[in-house]
Amino acid sequence: MPELPEVEVLARHLAPLLKGRTIHAVSVNRSRVLAPTSEPEFISTLAGTNIKELVRRGKYLLFTLQKANGSAPFILLGHLGMTGRMFVSPKSAPLPKHAAVVLDLGAENFIFQDTRYFGRLTLDASAIAKLGPEPLGPKFTVNYFADALKRSTQSIKVKLLDQMLVAGIGNIYASEALFRAGISPRIPARKLTPAQVKTLHGAIRQVLTRAIRLGGSIPLDFSGEEPENDGLFYYGSAGNQRRKFEERFWVYDRADKPCLECGRTLRRIVQGARSTFYCPGCQPS
């Protein structure tokens, strides 16, 4: 599932393409992605609106829309789920097989494509009210982080996935940040020392910033093609991009391979029904 860096890269790519555009018509092919919004409400609300802004919040995309009559702006919330893609395509191009929602922008279409339909494009924005602070924002301070962790008996890896603690961190970057901080994923969150909390706080910011920078350096192709070996949600056709991207991870999905720092064999364990990758040498229990 896409995490904060991938969604941020996509938001930065789409924002200038969508800002100021008018939604002339709306086509819904899979109404389940609108839930809990009904299809009639979705179509009638979006038709004729202007796209004022697109930003990321956690793992969500927030589209600010406004009717031409000057009524109050409202939010359209997007979530990519496991297989979602969002891209702008010429109206003359054929629609992809799994185009769940198509917004007519005039000469182009905005397409939300989702193979498994776990994603969302909905008028229900209540999910963002429960999110914790942005890890790269000013509210995510060391003091806040320490206070939030000191009451938790969960392992630190599992706790980092709690979106009410901090928004946008998922399985990949939790493992990566713990490795950079030299902290075992098994340690209970409340057992971290003040020094470890500070180090982990810095590591979270470092790995996310690095991932955004690297992701933003890769040309995005929104052709709508779906090669079987693609695997990255925002690429239309990836070529050999997947291997290049994965090589940038220190531990994620590298079980049984040598640690890039100490040479020890990396391990995989399951925590909270999710895979955790770590180095027993660099992250001692």
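The values are calculated or read from the model by the stated rules, or taken from the named source; none is laboratory data. Everything numeric here is computed off the predicted structure, so don't read it as measured data. Neighbour counts are summed over all protein chains in view; Cβ atoms, including those assigned to glycine, are modelled from backbone coordinates with ideal geometry.
Only one entry in Ala15, Ala100 is part of a helix (DSSP H, G or I), surrounded by 15 or more Cβ atoms within 10 Å (Cβ to Cβ) and touching a residue at least 12 places away in the same chain (Cβ under 8 Å), namely Ala15. Annotation: of all residues in the stretch 114-126 being out of contact with any Asp or Glu (no Cβ under 8 Å at 6 or more places or on another chain) and either touching a residue at least 40 places away in the same chain (Cβ under 8 Å) or surrounded by 24 or more Cβ atoms within 10 Å (Cβ to Cβ) (or both), the one that is farthest from Thr37 (Cα to Cα) is Asp114.
Check Val197 against each of (1) hydrophobic (A, V, I, L, M, F, W, C); (2) closer than 21 Å to Pro2 by Cβ; (3) modelled with pLDDT of 95 or more and name the one condition it does not meet. Checking Val197 against (1) hydrophobic (A, V, I, L, M, F, W, C); (2) closer than 21 Å to Pro2 by Cβ; (3) modelled with pLDDT of 95 or more, the one that fails is (2).
In the stretch 19-30, the residues that are in the same structural domain as Asn50 (by TED's automatic domain parsing) and closer than 22 Å to Tyr117 by Cβ reach residues that are surrounded by 14 or more Cβ atoms within 10 Å (Cβ to Cβ) and among the hydroxyl-bearing types (Ser, Thr, Tyr) with C-beta atoms within less than 9 angstrom, at least six apart or across chains, in these pairs: Ile23/Thr49; Val26/Thr45; Arg30/Tyr117. If I filter the stretch 168-199 down to residues being hydrophobic (A, V, I, L, M, F, W, C) and closer than 19 Å to Cys259 by Cα, which single residue comes out as surrounded by the most Cβ atoms within 10 Å (Cβ to Cβ)? That would be Leu178. Scanning the stretch 40-61 for residues that are touching a residue at least 40 places away in the same chain (Cβ under 8 Å), in a strand (DSSP E or B), touching a Ser or Thr at 6+ places or on another chain (Cβ under 9 Å) and buried (at least 16 other Cβ atoms within 10 Å of the Cβ) yields one hit, Leu54. Ser285 meets each of the listed conditions (1) within 22 Å of Met82 (Cα to Cα); (2) modelled with pLDDT under 95 apart from (1).
Checking each residue in the stretch 99-123 for being within 18 Å of the chain's Cα centre (by Cα) and of a type outside the set (Val, Ile, Thr) picks out Phe112, Gln113, Asp114, Arg116, Tyr117, Phe118, Gly119, Arg120, Leu121.
Only one of the numbered conditions (1) in contact with a Lys or Arg (Cβ under 7 Å, 6 or more places away or on another chain); (2) in a helix (DSSP H, G or I) is not met by Thr64, and that is (2). If you go through the stretch 66-115 and keep only what is under 20 Å from Ser44 (Cβ atoms) and among the charged types (D, E, K, R), you end up with Lys67, Asp104.
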